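Have a look at the structure below before the remarks.
The values are calculated or read from the model by the stated rules, or taken from the named source; none is laboratory data. Treat the numbers as computed from the prediction; the structure is a model and nothing was measured. In this analysis, Cβ positions are derived from the backbone assuming ideal geometry, glycine residues included, and neighbour counts consider all displayed protein chains. Areas reflect the complete protein model, heavy atoms only, side chains present, ligands, DNA and RNA absent. Shrake-Rupley method; radii C 1.70, N 1.55, O 1.52, S 1.80 Å.
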Amino acid sequence: MKTVITYGVFDLFHEGHVRLLERARQLGDRLIVGVTTDRYALERGKLCVVEPLEIRMENVRANPCVDEVIVEDHPGQKAEDILRFSVDVLVMGDDWLGKFDALKDLCEVVYLPRTPNISSSLLRNCRFPFLRIGLIGSGRIAGRFVQEAGYVRGVQIPCVYNPHPDTSASLQSFLSRNTFINKTRTLEKLFDQTDAVYIASPHETHYTYVKAALEAEKHVLCEKPLCLCQAEAEELFTLAEAKGLILMEAIKTAYCPGFLQMCGVARSGFIGEIINVESCFTKLVPHGSREWTDLRFGGSFTELGSYILLPIVKLLGTKDTRVFFDSVLGENGLDIFTKVNVQGHGRMASGQCGIGAKGEGQLVIFGTEGYIICKAPWWKTSYFEIRTEDLHYRKCFANEFIGDGLRYEIADFFLRIQGHPGREARLLPAESIWMAGVMEEFLKTR
Ligand code: C2G
């Protein structure tokens, strides 16, 4: 009995997949197919898989060439499967040419020519129209957004708007680095050419731009903090819902696989009851930058506060919380370092952030039976551990955090706009509204 094995995501099962399975089956007497889990596909940078694992496995299982279907969910699994099933031949399409040569010690490795002019991405683009995202703002993060959007198939960025189209230095340098993007002189022109907008303008302008975009029937992904006032945030989410539009706050951590898993593990009782959360994010920002010079909306908390508040709101919730602030102010009255303490539901939390002071950037979640620790850069969550009273006990969790990580929020934005099942809000409106309220409180106290 000659056993053949192959692997794939098999999203939107198509002729290319069928032809590969047929040819693979002809190389032996039994064909085993490993179908990649949603999570492992995401880890490998497949951000826009449409069909859930069950459906993809069903489609493969229904193919007459296939004798057995297994799940592929971790790196190195192929070597394990070859031994486990006494595999004779591993087959992959030639888009993987050479990638599995190391397995030639264990079995024959065959790369078959791909079927031309058909792929899951092509089918996805047919099923889901391109999403034209216009940019409002042309600063540092806007540039990174364009790069990361390149990894989300189906997203196009036709244009950018800056309120100072002729004089803005950031706009000139942005356009010189992104020659395929046009500038628009008015917001209306930007809305005419787009289906959605990404807002990366100064904090205090977010509310106005988000409202204008929603009123122009555009979906919105807005950099953090979404709003500096709770009532404004409530108004915007109400407007978005009334118009059936997606409004998302772009705190990239909230959309990355590692952070999602960490919250899931913490909430699932692995460390007992959650008692306390401690988050810290410091980034020394050069003097002279906007964070230091904008006397009304600059400083540490408006810049970094959303990051340290995210795990707090995720694990303490939004109801009946009390918030207290302590800040060290610089000569110009801006906070060079701020601590926020939150109490609610018999739990507490403290977050620390600083653009003028450096500390150990880590996240610790205290529980009644153990704790979770995630070292810097926890806001780009790729590794965390569960620890307990037993000093030798360590349960480790690792996740890919690819690139700058904006691709995860962009993919979520794209799939939610396309009404993709299974992509509920990773960051709930109530959580963004709560964080806007905390920002408002902070600005009042400062
Ligand atoms: N394929 C093909 N012709 C196409 C498209 C895909 O022959 N037009 C082949 C691929 O080369 C692969 C298989 O069909 O061998 C499954 O393709 P995908 O669903 O795109 O999966 P992939 O990302 O290649 O996943 O760990 C390995 C992965 O699981 C492979």
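Out of all the residues in segment 107-128, is one or more under 26 Å from the mean Cα position of the chain (by Cα), more than 16 Å from the ligand (Cβ to nearest atom) and not charged (D, E, K, R)?
So far as segment 107-128 goes, yes, one or more of its residues are under 26 Å from the mean Cα position of the chain (by Cα), more than 16 Å from the ligand (Cβ to nearest atom) and not charged (D, E, K, R).
Just for segment 1-47: of the residues that are within 11 Å of the ligand (Cβ to nearest atom), of a type in the set (A, V, I, L, M, F, W, C) and in a helix (DSSP H, G or I), which one is nearest to VAL91 (Cα to Cα)?
Across segment 1-47, the extreme among qualifying residues is ALA24.
Every residue in segment 15-44 that is more than 28 Å from TYR408 (Cβ to Cβ), among the hydrophobic types (A, V, I, L, M, F, W, C), open to solvent by 10 Å² or more (accessible area, probe 1.4 Å) and touching a residue at least 60 places away in the same chain (Cβ under 8 Å), please.
LEU20, LEU27
Just a yes or no: is a residue in segment 187-196 open to solvent by 10 Å² or more (accessible area, probe 1.4 Å) and under 21 Å from the mean Cα position of the chain (by Cα)?
yes
Among the residues of segment 301-312, which ones are under 15 Å from SER350 (Cα atoms) and either without any contact (Cβ under 8 Å) to a residue 24 or more places away in the chain or touching a Leu at 6+ places or on another chain (Cβ under 9 Å) (or both)?
Selection gives PHE301, SER306, ILE308, LEU310, PRO311.
For residues that are over 33 Å from the mean Cα position of the chain (by Cα) and open to solvent by 90 Å² or more (accessible area, probe 1.4 Å), scanning just segment 96-106, find the one that is farthest from GLY28 (Cα to Cα).
ASP105
Being in contact with a Lys or Arg (Cβ under 9 Å, 6 or more places away or on another chain) and surrounded by fewer than 20 Cβ atoms within 10 Å (Cβ to Cβ) is the filter here; which residues of segment 197-207 pass it?
Listed by number, the residues that qualify are PRO202, GLU204.
May I ask you to verify whether ALA216 is of a type in the set (Gly, Ala, Ser), on the phi < 0 side of the Ramachandran plot and touching a Leu at 6+ places or on another chain (Cβ under 6 Å)?
no
Considering segment 129-157 alone, what residues qualify as being open to solvent by 30 Å² or more (accessible area, probe 1.4 Å) and within 17 Å of GLU188 (Cβ to Cβ)?
ARG132
What is the one condition in (1) within 11 Å of the ligand (Cβ to nearest atom); (2) surrounded by fewer than 17 Cβ atoms within 10 Å (Cβ to Cβ) that MET92 does not satisfy?
The failed condition is (2).
Take ASP11 and decide whether it is among the charged types (D, E, K, R) and open to solvent by less than 10 Å² (accessible area, probe 1.4 Å).
When the stated conditions are applied, ASP11 passes them.
Scan segment 374-397 for residues that are surrounded by 15 or more Cβ atoms within 10 Å (Cβ to Cβ) and hydrophobic (A, V, I, L, M, F, W, C) and jot them down.
CYS374, TRP378, TRP379, PHE384, ILE386, PHE397, listed by residue number.
When only residues in segment 297-309 that are open to solvent by 10 Å² or more (accessible area, probe 1.4 Å) and part of a helix (DSSP H, G or I) count, which is farthest from THR205 (Cα to Cα)?
TYR307
So, GLY258, is that one more than 21 Å from the chain's Cα centre (by Cα), over 30 Å from THR194 (Cβ atoms) and among the small types (Gly, Ala, Ser) or not?
no
Looking at the structure I just gave you, is VAL60 in contact with a helix residue (DSSP H, G or I) (Cβ under 8 Å, 6 or more places away or on another chain), within 13 Å of the ligand (Cβ to nearest atom), of a type in the set (Val, Ile, Thr) and assigned to a strand (DSSP E or B)?
no
Looking at (1) open to solvent by 10 Å² or more (accessible area, probe 1.4 Å); (2) small (Gly, Ala, Ser); (3) within 10 Å of the ligand (Cβ to nearest atom), which is the one condition that is false for SER86?
(3)
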